[in-house]
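Read the structure below first, then the notes.
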Amino acid sequence: MAGYAVEIDDVTVRFRSKKRDVTALADVTMHVEPGEFVSIVGPSGCGKSTLLKLSSGLLPASKGDVRLFGEPVNGPRKDIGYVFQKAALLEWRSARKNILLQAEMRKMPAKEAAARADELIEMTGLTGFEDALPHELSGGMQQRVALCRALLHRPPVLLMDEPFGALDALTREQMNVELRRIWQETGTTVLLVTHSIAEAVYLSDQVVMISARPGTVAGVVDVNLPVERDYGPTMAEPEFAKATRHIRDHLGAATAAE
Amino acid sequence: MVTHTQSARAGQRERAGEASGVAERSGPGLGQRLGGFLERSWRPFALLAALFVAWWGVTAAELVEPYLVPSPGNTFDAIAVRPEYFWEHTWTTTYETVLGFVIAIAVGVIAAVAMVQSSTLEKTLYPLLLFAQVIPKIAIAPLFVVWLGFGLGPKILVAVLMAFFPVVISMVTGLKSVDPEMLQLSSTMGAKSGQTFWKIRFPASLPHLFSGLKVAATMAVTGAVVGEFVGADAGLGFVILQANGNLDTPVLFAGLLIMSLLGVLLFVIVEWLEQLLLPWHASRRDEGASTTL
Ligand SMILES: Nc1ncnc2c1ncn2[C@@H]1O[C@H](COP(=O)(O)OP(=O)(O)OP(=O)(O)O)[C@@H](O)[C@H]1O
Ligand SMILES: [Mg+2]
């Protein structure tokens with residue numbers, strides 16, 4: 001039964017306020033295998049962030065079922081790591097202490113947490129900036145701190161909401177390569193929301209395309225690239241070009257039809 | 001929100017940091033900070049000096065009668081003649097002010113926390129707070145004297161009442177200003193509400209609280225003096241009333257001067273505490289200071 005890591009079955013999310021009703025997601029069905037890397041792409045406002053919040057239990061579904069490892073999600077889940085669109089760091093804590101917030105809240109053994117934090121700091125290239133306060137870090141570094149914080153407790157599912165949106169192209173590529181490596185090392189299931197089609201294809205096993213208002217699954221693309229993906233060569237693969245073109249056409253068509 | 005400018009700023013910083021090695025991020029030393037303080041605050045001091053000179057000039061040129069406006073010399077003489085008299089009454093007012101201020105902080109913070117926890121409580125308490133704020137303190141102070149006698153009680157109570165409101169309002173605003181995503185993040189960490197409060201909400205509210213405390217500090221002085229006006233046998237309010245009765249303007253001016261200094265001093269202490277306790281906030285507010293280091 002516990003076949004899927006993330007299971008979203010025929011889910012609709014409606015936001016109701018005094019001024020208007022917004023159907024953010026309509027009849028969305030999506031299944032993610034454990035250890036899979038799935039990206040979600042779609043135009044702004046189509047409900048991508050909503051989808052991640054739904055999966056983590058931060059938002060309730062108006063209709064339909066959400067399950068994590070076969071367990072129904074009702075209420076915030078703690079067996080996940082979440083990277084928000086904004087870095088959401090505590091201004092008064094140093095980079096390292098922001099990462100360790102995860103451990104403090106979960107009451108993890110201090111020694112183990114510290115070792116894991118050191119490991120992640122090195123892995124993401126934050127060495128030397130452990131004691132810097134968030135406002136002393138660049139946007140990209142802040143986002144890396146948020147990533148470390150999300151990975152500290154080795155979550156079985158990692159949810160990332162446009163984590164690299166604020167980065168320059170080059171740093172972004174580096175982060176992509178790093179993320180791919182981290183994913184391979186940890187075997188975590190990843191759900192990544194992104195606006196970059198290239199990023200989605202390079203990183204993922206599967207790309208889910210969402211159309212706008214109301215958000216529905218417009219299509220799913222399986223990326224048939226090898227597991228080992230060196231950045232340059234992968235970009236040059238015919239399969240890469242095929243997948244990106246497919247997604248671009250599909251999203252373009254979806255937006256044009258609106 | 002601020003993220004855009006912030007990250008742009010941070011970008012510049014990063015480069016500066018890499019060049020110099022970020023290790024010495026510990027912040028400026030005490031000497032440097034004192035220098036920085038002087039550099040930042042010489043203007044008000046200069047203005048103060050100018051006003052003082054003007055005061056002296058007006059009285060020296062005898063533009064006004066000395067019994068209306070005494071000269072600075074006469075004013076300081078009034079203090080110098082009876083230093084222990086002024087010391088005693090200043091001490092009384094300081095005591096009332098500080099005690100009133102501290103009680104106002106304690107009660108205000110607790111009330112704010114309670115109000116943020118429960119919206120029913122907030123709706124119930126807010127009108128009451130507002131009522132307590134708008135009612136003229138000078139009008140109810142006599143009632144406090146009737147209830148509590150001539151001692152310190154009514155003065156402290158008026159000081160508390162005056163200082164309480166800015167504390168509650170700023171603390172409520174602070175506690176509500178936390179980024180909702182930060183709270184969501186906290187719930188994905190499985191945090192208990194106590195943990196979320198102490199590790200996220202409370203520290204995030206402190207900058208707001210401190211801006212309220214600065215207002216409250218000056219209000220507390222006013223409150224104590226108002227309390228003394230209504231009925232007292234000690235304190236600077238008493239000194240001023242007595243001097244007024246005797247048409248002793250030098251003493252009256254001396255009382256006013258000390259009273260103002262008391263307010264300023266309390267304000268400066270709060271500001272200093274803010275810098276000490278919230279260095280992350282202060283350094284963000286006056287950045288630029290660190291880029292030039
Ligand atoms: N808390 C909320 N209350 C009301 N409406 C909301 C709320 N959150 C999201 N929405 C609406 O739901 C829709 C989807 O929002 P969502 O944030 O999921 O979009 P998104 O795909 O993440 O967009 P972007 O790429 O710009 O981040 C939008 O139309 C938005 O206005
Ligand atoms: Mg979004």
- For the range B:164-181, state whether one or more residues are within 14 Å of chain A (Cβ to nearest Cβ) and under 15 Å from A:Gln102 (Cα atoms). yes
- Only residues in the range B:258-281 that are part of a helix (DSSP H, G or I) and modelled with pLDDT of 90 or more count as the first member; pair them with residues that are surrounded by fewer than 19 Cβ atoms within 10 Å (Cβ to Cβ) and among the β-branched types (Val, Ile, Thr), Cβ under 7 angstrom, at least 6 apart or cross-chain, and list the lot. B:Leu262/B:Thr94
- For A:Leu120, the lone unmet condition from (1) within 16 Å of ligand 2 (Cβ to nearest atom); (2) within 30 Å of B:Leu206 (Cβ to Cβ) is (1)
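Out of all the residues in the range A:24-40, is one or more closer than 21 Å to A:Ser196 by Cβ, within 12 Å of ligand 2 (Cβ to nearest atom) and either more than 14 Å from chain B (Cβ to nearest Cβ) or among the basic types (Lys, Arg) (or both)? Break it down into steps so the answer makes sense when it comes.
Looking only at the range A:24-40, we keep the residues that are closer than 21 Å to A:Ser196 by Cβ, and these are A:30, A:32, A:36-40.
So of that shortlist, the ones also within 12 Å of ligand 2 (Cβ to nearest atom) come out as A:40.
Add one more test, that the residue is either more than 14 Å from chain B (Cβ to nearest Cβ) or among the basic types (Lys, Arg) (or both), and what stays is A:40.
Yes, the range A:24-40 contains a residue that is closer than 21 Å to A:Ser196 by Cβ, within 12 Å of ligand 2 (Cβ to nearest atom) and either more than 14 Å from chain B (Cβ to nearest Cβ) or among the basic types (Lys, Arg) (or both).
Residue under question is A:Ala113, and the condition is that it be touching a helix residue (DSSP H, G or I) at 6+ places or on another chain (Cβ under 9 Å), open to solvent by less than 30 Å² (accessible area, probe 1.4 Å), within 13 Å of chain B (Cβ to nearest Cβ) and in a helix (DSSP H, G or I); does it hold? Write out each step before concluding.
Working: touching a helix residue (DSSP H, G or I) at 6+ places or on another chain (Cβ under 9 Å): yes; open to solvent by less than 30 Å² (accessible area, probe 1.4 Å): yes; within 13 Å of chain B (Cβ to nearest Cβ): yes; in a helix (DSSP H, G or I): yes.
Criteria met by A:Ala113.
Got a number for residues in the range A:10-38 being within 17 Å of A:Ser211 (Cα to Cα) and more than 14 Å from ligand 1 (Cβ to nearest atom)?
The initial filter retains those residues of the range A:10-38 that are within 17 Å of A:Ser211 (Cα to Cα), namely A:10-14, A:22-30, A:38.
Among the residues that remain, those that are also more than 14 Å from ligand 1 (Cβ to nearest atom) are: A:10, A:27, A:29-30, A:38.
Count: 5.
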- Look through the range B:242-283, keep the residues that are in contact with a Pro (Cβ under 6 Å, 6 or more places away or on another chain) and more than 23 Å from B:Ala216 (Cα to Cα), and return whichever of them is most open to solvent (accessible area, probe 1.4 Å). B:Phe253
- Please find, among A:Gly75, A:Gly81, the residue that is more than 16 Å from ligand 1 (Cβ to nearest atom), at pLDDT below 90 and not aliphatic (A, V, I, L, M). A:Gly75
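For the range B:59-79, how many residues meet the condition of being farther than 25 Å from B:Gly245 by Cβ and in a helix (DSSP H, G or I)? Give the derivation first.
Of all residues in the range B:59-79, those farther than 25 Å from B:Gly245 by Cβ come to B:60-63.
Among the residues that remain, those that are also in a helix (DSSP H, G or I) are: B:60.
Residues that pass the stated criteria total 1.
Would you check which residues across the range A:62-72 are surrounded by 21 or more Cβ atoms within 10 Å (Cβ to Cβ) and either within 16 Å of ligand 1 (Cβ to nearest atom) or more than 20 Å from the chain's Cα centre (by Cα) (or both) and list them?
The initial filter retains those residues of the range A:62-72 that are surrounded by 21 or more Cβ atoms within 10 Å (Cβ to Cβ), namely A:66, A:68.
Correct list: A:Val66 only.
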- Item | Breaking point among (1) assigned to a helix (DSSP H, G or I); (2) more than 16 Å from ligand 1 (Cβ to nearest atom), for A:Arg154 | (1)
- Query: surrounded by 14 or more Cβ atoms within 10 Å (Cβ to Cβ) and in a helix (DSSP H, G or I): does that describe A:His250?
  - Reply: yes
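Just a yes or no: is a residue in the range A:226-239 in a loop (DSSP other than H, G, I, E, B), among the basic types (Lys, Arg) and over 25 Å from A:Gly47 (Cα atoms)?
Initially, the range A:226-239 is screened for residues in a loop (DSSP other than H, G, I, E, B), giving A:226-230, A:237.
The next check asks that each one be among the basic types (Lys, Arg); those that pass are A:229.
Keeping just the survivors that are over 25 Å from A:Gly47 (Cα atoms) gives A:229.
Yes, because at least one residue in the range A:226-239 is in a loop (DSSP other than H, G, I, E, B), among the basic types (Lys, Arg) and over 25 Å from A:Gly47 (Cα atoms).
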- Item | Scope the range A:73-93; condition in a loop (DSSP other than H, G, I, E, B) and within 16 Å of ligand 2 (Cβ to nearest atom); matching residues | A:Phe84, A:Gln85, A:Lys86, A:Ala87, A:Ala88
- Item | Failed condition for A:Ala169, given (1) touching a residue at least 24 places away in the same chain (Cβ under 8 Å); (2) more than 16 Å from ligand 1 (Cβ to nearest atom) | (1)
- Go through the residues of the range A:194-208 one by one and say whether even a single one is more than 15 Å from the chain's Cα centre (by Cα) and exposed (fewer than 15 other Cβ atoms within 10 Å of the Cβ). no
- Query: Of the residues that make up the range A:88-109, is at least one crowded, with 22+ Cβ neighbours inside 10 Å and either at positive phi or within 15 Å of ligand 1 (Cβ to nearest atom) (or both)?
  - Reply: yes
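Out of the residues in the range A:41-72 that are part of a loop (DSSP other than H, G, I, E, B) and within 12 Å of chain B (Cβ to nearest Cβ), state the one that is farthest from ligand 2 (Cβ to nearest atom).
Pass one, the range A:41-72, residues part of a loop (DSSP other than H, G, I, E, B): A:42-47, A:56-62, A:69-70.
Restricting the remaining residues to those that are within 12 Å of chain B (Cβ to nearest Cβ) gives A:56-59.
Numbers: A:Ser56: 14, A:Gly57: 17, A:Leu58: 13, A:Leu59: 12 Å.
That would be A:Gly57.
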- Item | Residue list for the range A:135-173, filter: open to solvent by 10 Å² or more (accessible area, probe 1.4 Å), within 19 Å of A:Leu101 (Cα to Cα) and within 11 Å of chain B (Cβ to nearest Cβ) | A:His135, A:Glu136, A:Gln142, A:Gln143, A:His153
- The one condition A:Lys86 fails out of (1) touching an Asp or Glu at 6+ places or on another chain (Cβ under 9 Å); (2) more than 8 Å from every other protein chain (Cβ to nearest Cβ) is (2)
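Given the structure, is A:Val41 hydrophobic (A, V, I, L, M, F, W, C), at pLDDT 85 or above and more than 9 Å from ligand 1 (Cβ to nearest atom)? Walk me through how you get there before you give the answer.
Working: hydrophobic (A, V, I, L, M, F, W, C): yes; at pLDDT 85 or above: yes; more than 9 Å from ligand 1 (Cβ to nearest atom): yes.
Answer is yes for this residue.
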- Message: I need the helices (runs of 4 or more DSSP H) fully contained in the range B:102-215, keeping only those with at least 3 residues that are more than 25 Å from B:Val270 (Cβ to Cβ).
- Response: B:119-134, B:137-148, B:180-188, B:193-196
- Out of all the residues in the range A:200-221, which are in contact with a strand residue (DSSP E or B) (Cβ under 8 Å, 6 or more places away or on another chain), closer than 18 Å to A:Asp249 by Cβ and within 16 Å of ligand 2 (Cβ to nearest atom)? A:Ala200, A:Val208, A:Met209, A:Ile210, A:Ser211
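The values are calculated or read from the model by the stated rules, or taken from the named source; none is laboratory data. These numbers were taken from a predicted model, which means no experiment stands behind them. Don't worry about glycine lacking a Cβ; one is built from the backbone with ideal geometry, like all the others, and counts go over all protein chains shown. All accessible areas refer to the heavy atoms of the entire protein, side chains included, with ligands and DNA or RNA removed. Shrake-Rupley method; radii C 1.70, N 1.55, O 1.52, S 1.80 Å.
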